[in-house]
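Notes follow once the structure below has been shown.
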Amino acid sequence: MKKAEVLLSVVPKTADQAINWPFIEESLWPVYVSQMKATQQNPLYHGEGDVWTHTKMVCEGLAADSGFWACGERQRQELFLAALLHDIGKIVTTKWQDGAWTSPNHALRGANMVRELLWREYGLCGTEERRQFRETVCLLVRYHMTAPYIMEKDKAEQRLMRMAANGALTADFTLKHLFLLSKADANGKISEGNPKSEASVLLAGELAQEISCYEKPFTFASPYAEYAYLSGKTTDPHNHLYNNTQTTAVMLCGLPGTGKDTYCQQCFPDWPMVSLDAIREETGIPPVGSQKEVVQIARSRAKAFLRQRQSFVWNATSITPDIRSHFEKLCEDYHAYVRIVFLETAYDENLKRNQNRRKAVPPSVIDKMLSKLVLPERFEAHEIMWHCV
């Protein structure tokens with residue numbers, strides 16, 4: 001049986017099927033389970049104790065929810081795996097601070113850990129179907145903490161629409177499914193001091209239904225209007241905005257060896273390209289170590305195209321939102337329409353292609369980059385595309 005099939009075998013197939021905890025603990029993830037058992041939580045909010053005890057309670061609650069069984073088989077698999085892994089980030093983020101256990105940013109770190117695990121260990125990469133499954137799980141983990149608190153945040157409607165918009169990139173991800181996980185998380189603990197309960201999740205769900213983004217992304221007038229609202233440049237999602245962009249900048253992103261150069265040659269054969277790899281070749285700067293000079297040269301060339309209103313391609317790994325935001329801001333200053341294209345391939349194929357490059361990136365560096373990789377979300381640019389090549 002393939003590893004991915006073994007992974008999916010732990011998902012209950014019927015409502016009366018017991019979860020096989022001995023197999024999960026002893027055979028599937030013994031290391032992760034032992035780490036979660038050793039990770040403590042604030043007893044004020046988690047009287048049940050460690051992360052693994054909480055995880056089991058969440059999974060049991062999800063499997064007892066009629067809403068879970070109303071989902072299709074694939075969606076149940078995604079939801080259950082997200083429940084199993086929703087707090088894996090606490091392993092690396094939990095610390096003792098001000099007399100209590102705390103786990104800042106554990107959902108974000110957890111999503112990265114889940115992506116690396118499913119990508120590298122279970123081969124969930126390189127095809128549209130595998131990517132959609134993997135990223136749905138990652139998004140569920142990434143945002144599982146949002147629902148109970150969103151109603152007390154500023155711009156709650158915008159925050160809901162931003163999350164829901166990712167359903168355009170991976171159709172299995174919906175706020176309806178996310179809130180099933182959030183409800184199980186809220187109920188899967190022993191807590192008298194935690195005000196964030198199932199009621200908070202249900203309230204967020206009611207708002208999402210009111211603003212038409214509960215089961216699918218909100219429908220905007222245009223990609224330009226969508227980006228303007230999701231990025232906070234306008235406050236009305238119903239606005240029909242005039243598109244005043246003057247040129248197009250395409251940002252390719254993905255791990256080294258994915259095939260970005262080939263994709264560019266096939267899809268943009270006549271467009272000029274700003275390639276960080278080409279700049280390294282010109283300057284003799286290695287791909288490891290400081291890339292400050294390479295980036296400065298690249299930005300200077302990009303500015304020249306933007307000033308000339310010349311559409312161009314930016315070819316770099318650009319694996320994190322912070323890196324991508326710098327490019328988007330630069331283009332926005334010149335009224336450019338930004339399209340981010342994320343490319344991926346199968347893990348083994350990725351390593352093979354990289355090895356065949358004239359200057360291969362060490363596999364250990366690729367693995368480190370994979371651990372930091374965050375796919376571009378819908379709100380990051382005017383247009384987002386995910387492709388397997």
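Could you pull out every one of the lysines with an alpha carbon less than 16 Å from that of LYS372, ignoring same-chain neighbours closer than 8 positions?
Answer for LYS372, where 16 Å is the Cα cut-off: none of the lysines qualify.
Which net charge results when you count Lys and Arg as +1 and Asp and Glu as -1 among the other residues whose beta-carbon is under 13 Å from that of ALA70? Mind showing how you got there, number by number?
On the way: positive: ARG76, LYS176; negative: ASP65, GLU73, GLU215.
Neighbourhood net charge equals -1.
Which residue fluctuates most in the GNM of the chain (Cα springs below 10 Å): GLY284, GLY257, GLY89?
Sorting by GNM fluctuation, first place goes to GLY284.
In nm², what is the average projected area of the convex hull enclosing the Cα atoms of the chain?
For the chain, averaging the hull's shadow over all directions gives 20.5 nm².
Are any of the pairs LYS189/LYS368; LYS37/LYS153; LYS176/LYS352; LYS260/LYS303; LYS95/LYS368 more than 28 Å apart by Cα-Cα distance, and if so, which?
LYS189/LYS368; LYS37/LYS153; LYS176/LYS352, as the Cα separations exceed 28 Å there.
Just need the relative contact order of the chain here, percent rounded to a whole number, with Cα pairs under 8 Å and 6+ apart.
After rounding, I find 16 percent.
Using a Cα-Cα cut-off of under 17 Å, which lysines could be cross-linked to LYS233, ignoring same-chain neighbours fewer than 8 residues away?
LYS155, LYS329
Say a site is exposed when it is one of the trypsin sites (Lys or Arg not before Pro), sits in a DSSP loop, and has at most 15 other Cβ atoms within 10 Å; what is then the longest site-free stretch of the chain?
Value returned for the longest uninterrupted segment is 14-152.
Give me ASP185, ASP277 sorted ascending by neighbouring Cβ count inside 10 Å, so fewest comes first.
With the fewest neighbours first, ASP185, ASP277 line up as ASP277, ASP185.
Springs between alpha-carbon atoms under 10 Å, Gaussian network over the chain: tell me which of LEU276, LEU124, LEU160 tops the mean-square fluctuations.
LEU276
Taking only Cα atoms, what is the 0 to 90° angle, nearest 10, from helix 175-187's long axis to the longest principal axis of the chain?
40
How many angstrom lie between the C-alpha centres of segment 114-176 and segment 1-37?
22
Among the chymotrypsin sites (Phe, Trp or Tyr not before Pro) in segment 214-281, which ones are in a DSSP loop with at most 13 other Cβ atoms within 10 Å of the Cβ? Mind listing them?
TYR242
Working from the pairwise distances between different alpha carbons, so that the mean of 1/r is found and then inverted, what is segment 32-126's Kirkwood radius in Å?
14.3
In terms of modelled amide H atoms, which long-range or inter-chain residues lie less than 5 Å from the amide H of MET273?
VAL313
In segment 269-354, what chymotrypsin sites (Phe, Trp or Tyr not before Pro) fall in a loop by DSSP, with at most 12 other Cβ atoms inside 10 Å? Each step should come with its number before you reach the end.
On the way: sites: PHE305, PHE312, TRP314, PHE327, TYR334, TYR337, PHE342, TYR347; in loops: TYR334.
Answer by residue number: there is no such site.
For helix 51-63, what angle does its Cα long axis make with the longest principal axis of the chain, in degrees from 0 to 90 and rounded to 10?
Here the helix axis deviates by roughly 80 degrees.
Provide the per-residue ³J(HN,Hα) series for segment 16-24, in order, calculated from phi with Karplus coefficients 6.51, -1.76, 1.60 and θ = phi - 60°, each as a whole number of Hz, with x at glycine and proline positions.
9, 7, 6, 6, 7, 5, x, 5, 4
Taking LYS216 as the anchor, which aspartates and glutamates have their alpha carbon closer than 18 Å to its alpha carbon, excluding any fewer than eight residues away along the same chain?
Hits, sequence-local ones excluded: GLU78, GLU135, GLU157, ASP172, GLU206, GLU226, GLU377, GLU383.
Under 14 Å from the Cβ of SER364, count the other residues' Cβ atoms, weight Lys and Arg +1, Asp and Glu -1, and hand me the total.
That works out to +1.
Summing +1 for each Lys or Arg and -1 for each Asp or Glu, what net charge is found among the other residues whose Cβ lies under 11 Å from the Cβ of LEU118?
That sum, taken over residues with Cβ under 11 Å, equals +2.
Hey, in the GNM for the chain with a 10 angstrom Cα cutoff, which one of ASP98, ASP322, ASP50 fluctuates hardest?
Result: ASP98 has the largest fluctuation of those listed.
Quick note: the coordinates plus some simple rules give every number you see, no bench work behind them. Given the structure is predicted, the values throughout are model-derived calculations rather than measurements. Here the Cβ is made from the backbone with ideal geometry for all residues, glycine too, and neighbour counts use every protein chain on show.
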